[in-house]
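Have a look at the structure below, then the notes.
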Amino acid sequence: MAYTTPSTNALITLSDYKTSEGIQSTKDDTKLELLIDSVSQLVKTYCGSSIVDFYSSAKTEVVTVNWASNIIQLTECPIVFIISVKERDSLSSSYTTLVENTDYYVEKSTDSIYRTTSSGSTKNWEIGPGSVEVQYTAGYADCPSDLKLAVIDLITYYHKDEHKTRQTIAGASLQNQGTTSQRGNVGFPDHIKRVLDLYKNF
């Protein structure tokens with residue numbers, strides 16, 4: 001039986017992978033579904049973004065402001081819609097709901113929120129643990145095509161044990177290329193890392 005429904009929050013479906021790789025057999029479906037889940041989480045962790053998890057369901061993000069700043073940057077990107085922005089001046093205070101384009105300004109190009117005055121000037125956010133709370137949606141309705149290609153390649157990388165630099169198959173020794181030539185690479189093949197870095201939240 002072929003599966004076509006993705007696991008919860010997976011970046012691709014089993015059907016996506018099998019179609020891309022020209023696979024018709026179902027014998028590896030269970031392993032591939034596990035790899036799809038695992039690689040999806042690996043990519044999200046590396047990118048520092050959930051990619052698809054909060055496109056249609058809201059995320060509530062509590063931000064601690066440690067020093068004087070008029071800007072905060074959200075962890076999920078790109079921003080789709082800001083539902084609410086709240087601020088408090090101490091742990092014992094209740095949050096006050098701010099008004100967009102009066103108390104704050106959203107800059108979607110950097111996934112940032114500026115604290116502003118009613119006249120349009122910037123001012124600093126309140127400093128302290130959990131001083132700002134933002135509820136918003138962000139990400140993509142579906143995994144972008146170029147990122148999907150990198151996910152498919154990464155699944156193949158683990159499925160075929162290409163992460164092992166030397167394999168023995170039917171008595172023959174197979175030498176796989178090292179994972180990277182890029183400085184600071186955590187171990188992804190170069191062509192995969194190049195795509196992942198386009199979506200990495202630095």
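The residues listed here are D89, D103; of these, the one that is at pLDDT 95 or above, in contact with a Lys or Arg (Cβ under 8 Å, 6 or more places away or on another chain) and not hydroxyl-bearing (S, T, Y) is D103. If you check V39, V65, V52, V80 for being under 23 Å from K108 (Cβ atoms) and out of contact with any strand residue (DSSP E or B) (no Cβ under 7 Å at 6 or more places or on another chain), only one passes: V52.
Taken over the range 120-141, the residue count meeting the criterion of being at pLDDT 95 or above and open to solvent by 10 Å² or more (accessible area, probe 1.4 Å) is 13.
Comparison of D37, D16, D53 shows that the only residue that is acidic (D, E), outside any strand (DSSP E or B) and without any contact (Cβ under 8 Å) to a residue 60 or more places away in the chain is D37. The range 61-149 holds strands (runs of 3 or more DSSP E) entirely within its bounds, and those carrying 2 or more residues that are touching a residue at least 24 places away in the same chain (Cβ under 8 Å) and not charged (D, E, K, R) map to 71-73, 79-87, 112-115, 128-138.
Conditions (1) open to solvent by 50 Å² or more (accessible area, probe 1.4 Å); (2) polar (S, T, N, Q); (3) modelled with pLDDT under 95, marked per residue:
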{"site": "A2", "(1), (2), (3)": "yes, no, yes"}
{"site": "T5", "(1), (2), (3)": "yes, yes, yes"}
{"site": "I12", "(1), (2), (3)": "no, no, no"}
{"site": "I23", "(1), (2), (3)": "yes, no, yes"}
{"site": "T26", "(1), (2), (3)": "yes, yes, yes"}
{"site": "D53", "(1), (2), (3)": "no, no, no"}
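Do you know which residues across the range 109-119 are open to solvent by 50 Å² or more (accessible area, probe 1.4 Å) and at pLDDT 95 or above? Matches in the range 109-119: Y114 only. Taken over the range 28-51, the criterion of being within 16 Å of I152 (Cβ to Cβ), open to solvent by 40 Å² or more (accessible area, probe 1.4 Å) and either aliphatic (A, V, I, L, M) or within 18 Å of the chain's Cα centre (by Cα) (or both) is satisfied by L34, D37, S38, Q41, L42. The residue that is farthest from I127 (Cα to Cα), counting only those in the range 59-99 that are of a type in the set (A, V, I, L, M, F, W, C) and under 15 Å from the mean Cα position of the chain (by Cα), is V80.
The values are calculated or read from the model by the stated rules, or taken from the named source; none is laboratory data. For clarity, every value in this text was computed on a predicted model and none was experimentally measured. Note: ideal-geometry Cβ built from the backbone for every residue, glycine included; neighbour counts use all protein chains shown. Side chains included, ligands, DNA and RNA excluded: accessible areas come from the protein's heavy atoms. Shrake-Rupley method; radii C 1.70, N 1.55, O 1.52, S 1.80 Å.
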